[in-house]
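The values are calculated or read from the model by the stated rules, or taken from the named source; none is laboratory data. Keep in mind that what you see is a predicted model, and the values were worked out from it rather than measured. Here the Cβ positions follow ideal geometry from the backbone for every residue, glycine too, while neighbour counts run over all protein chains shown. The protein model used for the area step is the full one, side chains on, heavy atoms only, and it has no ligands, DNA or RNA in it. Shrake-Rupley method; radii C 1.70, N 1.55, O 1.52, S 1.80 Å.
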Amino acid sequence: MTDEPDEGYAGPAVLTAAGLDLPVTVRLSGAIDPIDGAYRWGGRIAPHTRVASLLRDGIRSASLSLDGLSREVRLTEVDPWGGVLLSTTAPAPWPVLTPESPTGVEAVEILVVGAGFGGIGAAITLDRNGFHDFLVLEAADEVGGTWRDNTYPGCACDVPSHLYSFSFARYPQWTETYSGQETILRYLRGCVRRFGLTQRVRLGTRLESATWSGDRWVVATSRGEFHARALIVATGPLSEPSVPDLPGLSSFAGTSFHSARWQHGHDLTGRRVAVVGTGASSAQFVPRIQPRVGALTVYQRTPPWVMPRGSRPIRTAERRLYRYLPGAQRLVRAGLYWTRESWALGFLHPGLIRRAQRIAEHHLRKQVPDPVLRERLRPRYVMGCKRVILSDDYLPSLTRDNVTVVDTPIREVVADGVVTTDGVHRPADTLILATGFKVTDPSVAHRVRGRDGRTLAEAWRPSMRAYHGTTVAGFPNLFVLLGPNTGLGHTSVVIMIESQLRHVVDVLRHRRRTGATAMEPTEAAQRRTNERLDRRLAGTVWSRGGCDSWYLDATGRNSTLWPGFATSFRRTLARFRPGDYRTVGGAK
């Protein structure tokens, strides 16, 4: 057992339950609860058939012995990978010391901000590559990122389940070919437990500012100050709801909320509901709420292209196969990967997307019999210019008797409804804003200040730019996950996150090897990569498709999407070029 305080334990132990003494392998960790200050610990027993059967038989009470110390524990559940999770309120069987720094400052080598896919992936990758001195700061009271925050009815992923996971933590227990929010959140929570990250995550800790002080990042949070040699921002592009500047919005007397902050306590039964927006979120929750509401008015600025979704349950036999024969799931994942990669061709060469557009047109004709409504739902731009919707029930829901689609622009919101520019007043007692997120002007960029005193937001004016979407000139030892031009329109962004993390590790290793204090990309290297990006973006559907989308920033530049295959991004970042970086302090 380790003698280091708070480091937990990984290794052999003996579990005693139902009169049996079972040798097991465990991974245990503890952490100070940010709410009440108490130290709590728990962990995971590696896959063990007998232990799992005890739990299935209803036996939860057990004792765990480590180096002669026995503690009462509770078996809680079998995780998707076959391990058994345990928890306890007993004292930890290892030294626990939590001395306060005289200055109240906590210093680590690496600080990660955000505990969604990016932050959790960063923590696992750092730990697996020998960078153990890190913490993850999360403003909310649990992990999960956008999959924690978005709980609207029908919330689900548009990427096939087998692609929407870390390559090093494939998930054999997906229940649908396209997974819902709760399942994805369960997967992320499971990753935190499986890789022993519980004690590394500080919940309820909001980033207030981060300033480069010459040799480290000084980070002020809602729970104190941290110092770190490197800072990884993993807040993600879909974390801050975008609220439209609608005249009179504050005067609405009913209940209003953004779809990303769904008010589950507000009963929609029989309500007159107005929905502003027809993007991906709206297409998922509108079919769910339509049967319950009294009247539903959908305000559409631009109709989306809608393709068949074709989701189906994953059979028990399939899940069993993936669990006991992991190679089978790897083959399925590989097939999905290359199929989805082929989708990129249409986005990069708009002429090739015509076949997919004909499928969407057939889908529209089949699902919307009324020719007048169908014409209002027919997009007037090339498919892919805006985000493509995958749905089998959105279009039919718009044909129901209690639904009205309005494509006249909104003039103002009034106390009891919405008025459009033609002067028509439509009553509403509930207003739901399905208006997306602040992607091209994230608030975190206003709170990060680099070596010359500029904030990241100032450096990103008038358009966000970074070196391969990951590092930024003027911001030493700063890494941004899913930064500028790392989004995708065709496949899983988890692939992009993992590619970025390989680059992060390369930079950190080079800094450690050379003894440098800090590293940042040169202005020339950053400029060169972005000039290449802009040339490639010029011929894509996002630039030539004839629409105005959230992919474009205030200048009209696409600062969000990668103009290529995920494979090309992986290959680009797979080769680390030290010459593209400058050393700040320390060795040259």
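Observations
- Number of the condition not met by THR470 [criteria: (1) surrounded by fewer than 18 Cβ atoms within 10 Å (Cβ to Cβ); (2) touching a helix residue (DSSP H, G or I) at 6+ places or on another chain (Cβ under 9 Å); (3) among the hydroxyl-bearing types (Ser, Thr, Tyr)]: (1)
- Test: residue in segment 156-174 that is free of Cβ contacts under 8 Å to residues at least 60 places away in the same chain and either in a strand (DSSP E or B) or crowded, with 18+ Cβ neighbours inside 10 Å (or both): yes
- Residue in segment 252-264 that is more than 24 Å from the chain's Cα centre (by Cα), surrounded by fewer than 20 Cβ atoms within 10 Å (Cβ to Cβ) and not in a strand (DSSP E or B) present: yes
- In the set ARG330, ARG323, ARG358, ARG365, only one residue is within 27 Å of the chain's Cα centre (by Cα) and more than 25 Å from ALA566 (Cβ to Cβ); that residue is ARG323.
- Any hit, segment 286-302, residues being closer than 30 Å to THR486 by Cβ, part of a loop (DSSP other than H, G, I, E, B), within 23 Å of the chain's Cα centre (by Cα) and touching a residue at least 12 places away in the same chain (Cβ under 8 Å): no
- The residues of segment 506-523 that are open to solvent by less than 10 Å² (accessible area, probe 1.4 Å) and either in a loop (DSSP other than H, G, I, E, B) or farther than 19 Å from SER213 by Cα (or both), listed by number, are VAL507, ALA516.
- Inside segment 566-580, residues that are open to solvent by 20 Å² or more (accessible area, probe 1.4 Å) and touching a Lys or Arg at 6+ places or on another chain (Cβ under 9 Å) make up a count of 3.
- Verdict on GLN284 being surrounded by 14 or more Cβ atoms within 10 Å (Cβ to Cβ), of a type outside the set (Gly, Ala, Ser) and under 28 Å from TYR164 (Cα atoms): yes
- Verdict on VAL298 being surrounded by 17 or more Cβ atoms within 10 Å (Cβ to Cβ) and either closer than 25 Å to LEU488 by Cβ or in contact with a Lys or Arg (Cβ under 7 Å, 6 or more places away or on another chain) (or both): no
- Among (1) crowded, with 21+ Cβ neighbours inside 10 Å; (2) at positive phi; (3) without any contact (Cβ under 8 Å) to a residue 60 or more places away in the chain - the single one GLY384 does not satisfy: (3)
- Unique residue being assigned to a helix (DSSP H, G or I), open to solvent by 40 Å² or more (accessible area, probe 1.4 Å) and of a type in the set (D, E, K, R) when the list is GLU318, GLU361, GLU341: GLU361
- Candidates GLY144, GLY104: the one that is among the small types (Gly, Ala, Ser) and at pLDDT 95 or above is GLY144.
- Odd one out for LYS438, checked against (1) modelled with pLDDT of 95 or more; (2) within 21 Å of the chain's Cα centre (by Cα): (1)
- Candidates ARG461, ARG449 - the one that is of a type outside the set (Gly, Ala, Ser) and surrounded by fewer than 21 Cβ atoms within 10 Å (Cβ to Cβ): ARG461
- Criterion violated by SER543 - all others in (1) part of a helix (DSSP H, G or I); (2) among the small types (Gly, Ala, Ser); (3) under 24 Å from the mean Cα position of the chain (by Cα) satisfied: (3)
- ALA445 vs. criteria among the hydrophobic types (A, V, I, L, M, F, W, C), closer than 30 Å to GLY346 by Cβ and modelled with pLDDT of 95 or more: no
- Checking SER549 against (1) crowded, with 18+ Cβ neighbours inside 10 Å; (2) part of a helix (DSSP H, G or I); (3) not hydrophobic (A, V, I, L, M, F, W, C), the condition it does not meet: (2)
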